[in-house]
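Enquirer: Sharing a structure with you now.
What follows draws every value from the coordinates through simple rules; no lab data is involved. Keep in mind that this is a model prediction, so the values were computed, not measured. Cβ atoms come from the backbone with ideal geometry, glycine included; neighbour counts cover every protein chain shown.
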């Protein structure tokens, strides 16, 4: 009986519903975007939030992202702030504080929206362009984050043609999550990188990865042609989720999101792209202005 009550309360908590917080802004309806997941990566939150922003636009609602009142790997529970605002501006300029006494507030469902930029998007160029347009409309780096990423780019990227590569390992390769895209092996990626560098006259290869072993293989293969940002990769043991591994440093939760976002933002600024299907790949595609050439493995789904 107690379990049934808890299940009903959980269902009620995460279903879409309308609330009244006050009597202000009677001419506006705010759509508070939230996510019922404690351990997914930053771009999973970003891309599902973009799906909810599309819903808000279709309904004439004003989107507001709430990553303060729900647990994520980036939230400091002792000093809770809206994690979205660590890195991004609010999509329509309204934050939680500015709508706290509003008449019309709709909580989004906490589940993954029916429509958001996931791997099926890659089957249609029109879909990619549609989501890219929405991404650039609603998802903007805040000033501090943009300045930080620009400074890293200035340090790492010179006037050269740079091929961007995203290569997932750690928990993705170890757990092979059911229903998620199969990732290529590192040796497959290296062969493809060498070929595209020659075909596209790329002088450097920029690697985005969270896996120490993958980084080492790229260093062995490409030497001083490899660009990798100055980030401390997290020690990994089979069975762990990479998002839940913490480093003993001040403000690690915020910094791990910033470092990951920086890797993907730099990936979006390369001239060409090679990647397996994953959230970071979709994020780079949508953040970019378009690539000269992109190669994304289609290896099916883990069963």
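Enquirer: Sort out for me the Cα centre separation of the range 81-123 from the range 261-276, rounded to whole Å.
Expert: Taking the Cα centre of each part, the range 81-123 and the range 261-276 sit 24 Å apart.
Enquirer: If you take all C-alpha pairs in the range 138-212, what percent of them are over 18 Å apart?
Expert: 58
Enquirer: Output the antiparallel fraction of DSSP beta bridges having both residues in the chain, as a percent to the nearest 5.
Expert: Values: 5 of 28 bridges.
Here the antiparallel bridges make up roughly 20 percent for the chain.
Enquirer: Rank-order 195-206, 121-132 by packing density, defined as the average count of other C-beta atoms within 10 Å over each peptide's residues, highest first.
Expert: Working: 195-206: 16.2, 121-132: 14.4.
Most protected by this proxy first, the peptides run 195-206, 121-132.
Enquirer: To the nearest 10 degrees, how steeply does helix 212-222 sit against the main Cα axis of the chain, on a 0 to 90 scale?
Expert: 40
Enquirer: Shape call for the chain from the C-alpha gyration tensor, a ≥ b ≥ c root eigenvalues: rounded (a/c under 1.5), prolate (a/b greater than b/c) or oblate?
Expert: Note, shape of the chain comes out prolate.
Enquirer: For Cα pairs less than 8 Å apart in space and 6+ apart in sequence, what is the mean separation divided by the residue count of the range 142-296, i.e. the relative contact order in percent? Display every interim value, and only then the final one.
Expert: Values: 195 pairs, mean separation 49.2, N = 155.
Dividing the mean separation by the residue count of the range 142-296 yields 32 percent.
Enquirer: For Cα pairs less than 8 Å apart in space and 6+ apart in sequence, what is the mean separation divided by the residue count of the chain, i.e. the relative contact order in percent?
Expert: For the chain, the relative contact order is 22 percent.
Enquirer: Shifting gears a bit: Report, to the nearest 10°, how far helix 143-156 tilts away from the longest principal axis of the Cα atoms in the chain, using its own Cα long axis and a range of 0 to 90°.
Expert: Helix 143-156 and the main axis of the chain meet at about 10 degrees.
Enquirer: With r defined as the distance between the Cβ atoms of residue 188 and residue 39 and R0 fixed at 22 Å, what FRET efficiency is calculated, to the nearest 0.05?
Expert: Working: r = 28 Å, r/R0 = 1.27.
E(calc), rounded to 0.05, equals 0.20.
Enquirer: What shape does the range 58-105 take by its C-alpha gyration tensor, where a ≥ b ≥ c are the square roots of the eigenvalues and a/c under 1.5 counts as rounded, a/b above b/c as prolate, and the rest as oblate? The partial results should precede the final answer.
Expert: Working: a/c = 2.24, a/b = 1.75, b/c = 1.28.
Prolate, since a/c reaches 1.5 and a/b exceeds b/c.
Enquirer: Here is a follow-up. Volume per residue, Å³, of the convex hull around the alpha-carbon atoms of the range 16-140?
Expert: About 103 Å³ per residue, rounded to a whole number.
Enquirer: I want to make sure I understand the PRE zone here: with the label point 7 angstrom from the Cα of residue 176 toward its beta carbon, which residues in the range 183-227 have backbone N atoms less than 13 Å away?
Expert: Within reach of a label on residue 176: 183-185.
Enquirer: Cβ neighbours within 10 Å, averaged per peptide: list 106-114, 294-302, 51-59 in order, most packed at the top.
Expert: 51-59, 106-114, 294-302
Enquirer: Roughly what would the spin-label model give for residue 158 and residue 26, points 7 Å off Cα along C-beta, in nm?
Expert: Output for this residue pair reads 6.5 nm.
Enquirer: May I ask you to list the residues of the range 257-280 whose amide nitrogen lies under 19 Å from a point 7 Å from Cα along the Cα→beta-carbon direction of residue 146?
Expert: The answer is 258-259, 261-270.
Enquirer: Now a separate question. Shape verdict for the range 94-149, please, from the Cα gyration tensor: rounded (a/c under 1.5), prolate (a/b greater than b/c) or oblate.
Expert: The shape class here is oblate.
Enquirer: Using a 10 Å cut-off on Cβ atoms, rank the peptides 16-26, 258-268, 85-95 from the highest mean neighbour count down.
Expert: My ranking of the peptides, most packed first, is 258-268, 85-95, 16-26.
Enquirer: Taking Cα pairs under 8 Å and at least six residues apart, what relative contact order does the range 16-140 come out at, in percent?
Expert: On the way: 201 pairs, mean separation 51.7, N = 125.
Once divided by the residue count of the range 16-140, the mean separation gives 41 percent.
Enquirer: Still on this structure, I have one more. Pulled fully out, how much extra length does the chain show between residue 78 and residue 292, if you take 0.36 nm times their separation in residues and subtract their Cα-Cα distance?
Expert: So the chain would gain 72.5 nm between residue 78 and residue 292.
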